[in-house]
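Working notes, beginning with the structure itself.
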Amino acid sequence: MDNGPTSPEQARQVLARYARVVGDAGRAAAAADPGVLAILDQATASVGDALDPERRPPLVELACYADGLTDKATALGWNLPDVTTLDWRRADQITWRLVAVCEIAAAVLGRDVTAG
């Protein structure tokens, strides 16, 4: 496993990929359902607590966190769920943490990660 992205531009690319595959769908589900929004809020707080903003720039830290999380989870047999059919109220914590990464990245950027 490498150390992940090292520049803000590389981090934006990594985060945009996570947004496309899981973040956008999870954030949309949260916007449509207060119960799902509460789950996202909890995941966002957990991710925020796990980050060390003094270690790397915020976007790099987020991208490295997401890559590390998925690397470890995949090694343990986790697979990204099909977000088109996912019951977001029953989504696993790995999926929610990835959505939370996208939520935090959007806040850092002041816009959605996938927006140019």
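The values are calculated or read from the model by the stated rules, or taken from the named source; none is laboratory data. Here the structure is a predicted model, which is why all the values come from computation and not from measurement. Positions of Cβ are generated from backbone atoms using ideal geometry, with glycine treated the same way; all protein chains shown enter the neighbour counts.
Somewhere in region 72-82, is a residue surrounded by 17 or more Cβ atoms within 10 Å (Cβ to Cβ) and among the polar types (S, T, N, Q)? There is no residue in region 72-82 that is surrounded by 17 or more Cβ atoms within 10 Å (Cβ to Cβ) and among the polar types (S, T, N, Q). Being of a type in the set (Val, Ile, Thr) and closer than 18 Å to ARG12 by Cα is the filter here; which residues of region 41-95 pass it? The answer is VAL47, VAL60, THR70. The condition of being of a type in the set (A, V, I, L, M, F, W, C) and not in a helix (DSSP H, G or I) holds for only one of LEU69, LEU86, LEU62, that being LEU86. When LEU98 is tested against (1) farther than 15 Å from GLY4 by Cβ; (2) in contact (Cβ under 8 Å) with a residue 60 or more places away in the chain, only condition (1) is not met.
Please find, among LEU40, LEU15, LEU51, LEU59, the residue that is within 13 Å of the chain's Cα centre (by Cα), at pLDDT below 95 and crowded, with 20+ Cβ neighbours inside 10 Å. Working first, answer last.
Numbers: LEU40 fails: at pLDDT below 95; LEU15 fails: at pLDDT below 95; LEU51 fails: crowded, with 20+ Cβ neighbours inside 10 Å.
Checking each option against the conditions leaves just LEU59.
Of THR74, THR44, all but one fail to be in a helix (DSSP H, G or I), among the polar types (S, T, N, Q) and in contact (Cβ under 8 Å) with a residue 12 or more places away in the chain; the exception is THR44.
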